[in-house]
Amino acid sequence: MTTWIICPNLWGARLFYYGSPEQIDKKISFIHEFPRPKIQTKLEDFPSDEDMAEMTPPPEDPLLERLVAHKYMQYLAKELEQASTKNIFDSLIICAEPRLLSIFMEHLGPSARKRVSATIDQDLYEVNESDLAQYVEDALHLDQAA
């Protein structure tokens, strides 16, 4: 069973896999980096309420942030839907900060949506393969595999 793990934020997305037939040692491996959205923003992610309280003028129009998020998540969702309809992966774990995760789930197509086995509401875009394992171990049942 092949599980894909996608870690998007507004600056890009990283795709990992776990458990493909070719993978003998059963560890998480990097597959692909999705390009950044064409519309660049000044903030990497949606600011938290605490961050917003500290900012006097917002460095970016919140509407632009939301537009970028919707367009980029729509693009990623389309890519995953195409791969899902071709049965390239069996299950999907999505790791994104809560607001972006919500937008991503909005755009996910029916085939890919059926394969979502877990969501993790953290931005794990910069996490490497070995560190990612600790965040997804429950979803992957890594403790039982050892």
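The values are calculated or read from the model by the stated rules, or taken from the named source; none is laboratory data. Only a predicted model underlies this, so the values are computations on that prediction, with no experimental measurement involved. Counting neighbours? That spans all protein chains shown, and the Cβs are built from the backbone with ideal geometry, glycine included.
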Exercise. Is it true that some residue in segment 121-137 is among the hydroxyl-bearing types (Ser, Thr, Tyr) and free of Cβ contacts under 8 Å to residues at least 12 places away in the same chain?
Worked result: no
Problem set entry | Output for segment 95-115, where each listed residue is surrounded by 17 or more Cβ atoms within 10 Å (Cβ to Cβ), closer than 21 Å to Thr2 by Cα and among the aliphatic types (A, V, I, L, M) | Ala96, Leu108, Ala112
Exercise. How many of the residues making up segment 89-120 are part of a strand (DSSP E or B) and in contact (Cβ under 8 Å) with a residue 60 or more places away in the chain?
Worked result: 6
Exercise. Within segment 35-56, is even one residue at pLDDT 95 or above, closer than 20 Å to Tyr125 by Cα and among the small types (Gly, Ala, Ser)?
Worked result: no
